[in-house]
Amino acid sequence: PLALRPKPTQTKSPTMATITHRHLLAALAIAVVAARTSHGASRGWARSSPNSYLQRRNINSLAIGDTRHHAHPTSSTPLFSLRGGSSTHQNEDEDDEATADENEERRRQKQEEYAKLVKYRTEQQMLYQLRSTYLTEMLASRGVPLPTIMSVSTADGEKPPERVDWDCALSTDDDPKSCLYSFDAEPDTKVVAPLGTDQWISLSALNRLRRTDPTKVEPMWHSQYSILRSWFSDESEFSMLQHVGVKGFFISSVLLDGGNGMVLRSLLILSVLSALILLMPLIELIVGRIIVSAPFWAQWMTWGRIVRAGFPLKLLIGQLVWKGVASCFTKVENEVREYIVDLECEILEDSVPVTVGVGMESEEEESDEIMEDLDEEEMEMDSEDDLDEYDEYDEDEY
């Protein structure tokens, strides 16, 4: 029986010194942690001396080493660990980034507001200048001596186109003339140029160019001369139109220049209406025959839909018909205008006198003959007046 009784296990009790040593280390670690949490987190704690700092560091290392020594063998996390400053630095970095973003956003908003303010002020300044210019023009038109746009439109160093007289020559096979428009003028045609220059241009080409595109006339001489106002204006003393006579005046000033072409257009409309009125009986006969014809009614299924259609479709068809008639009338007007321009060119070729070169002598002889005829007529009139006075004197005596 004694042999079967189990032996009591012998437990080795820790000594009193070991227990006391563990309690002291734990209390010391707790005191160190409390001191760091109470004084280490604040910014105003006093800097300690180097000796106290070394002592505190040794105590902390002993406390951490003892806790690691007596911890559970499978646990790798220390029981008491010192708090570091990584989270604090991270929070500070985030605050700095947020502040920088806010500053950048504020700066961008200020720049946008400044740009809007500059744009508004610029627009207001332009409006003020435009209003002052308009008021200046109105006051100048009423006689107030103020500078206008026309008076300041010429740039420095440039001169406005000046009025100039013209020279006319005859281009022949023996004496050909160049042409600014077609390089060489046709034989037996007249060419003109500003007085004192050799920049010739065919008279017919010049007149046709001023009728088709007047903006290209003066650039032929680099906008140095006011050709249109000098040579083709009734108010100019150098105008060529003073040689064209009554026929040329009717063609140039009435048909082509009258109302910017409205006279010619009105005459064409009246001519067309007159022709329609004269041909109305014939037109009625033809239309009546077409309406009662069998082929016309055989297409009832085609044009009956248009007749019975709504008003919008009929309006659209009417617009198309009107556009077609207007385009045909425009073509007829252009053809008639070209024909009248050709007549004007022929009149200018015949009437403008030659002033230089070949043909000038014959023109001078004709003028001399005209002057001689006028002198003879004056002499005859003077002789008749003398005879009348002599007869009256005799009658008084008797």
_region 113-232, accessible area per residue, ligands and nucleic acids excluded (1.4 Å, Å²)_ = 70
*Just in region 291-332: which trypsin sites (Lys or Arg not before Pro) are loop by DSSP and have at most 13 other Cβ atoms within 10 Å?*
R308
*11 Å beta-carbon shell around A185, net charge (K/R +1, D/E -1)*: -2
_Rounded accessible area of F311 (nearest 10 Å², 1.4 Å probe)_ = 150
*asked:* Just to make sure I understand: if all protein chains stay in place, what is the order of M220, M126 by accessible area at 1.4 Å, largest first?
replied: M126, M220
_Sites matching GluC sites (Glu not before Pro) across region 112-182 that sit in DSSP coil, with at most 13 neighbouring C-beta atoms within 10 Å_ = E158
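The values are calculated or read from the model by the stated rules, or taken from the named source; none is laboratory data. Bear in mind that the values here come from a model prediction, so they are computed numbers and not experimental data. Counting neighbours? That spans all protein chains shown, and the Cβs are built from the backbone with ideal geometry, glycine included. Calculation scope for accessible area: heavy atoms of the full protein, side chains included, ligands and nucleic acids excluded. Shrake-Rupley method; radii C 1.70, N 1.55, O 1.52, S 1.80 Å.
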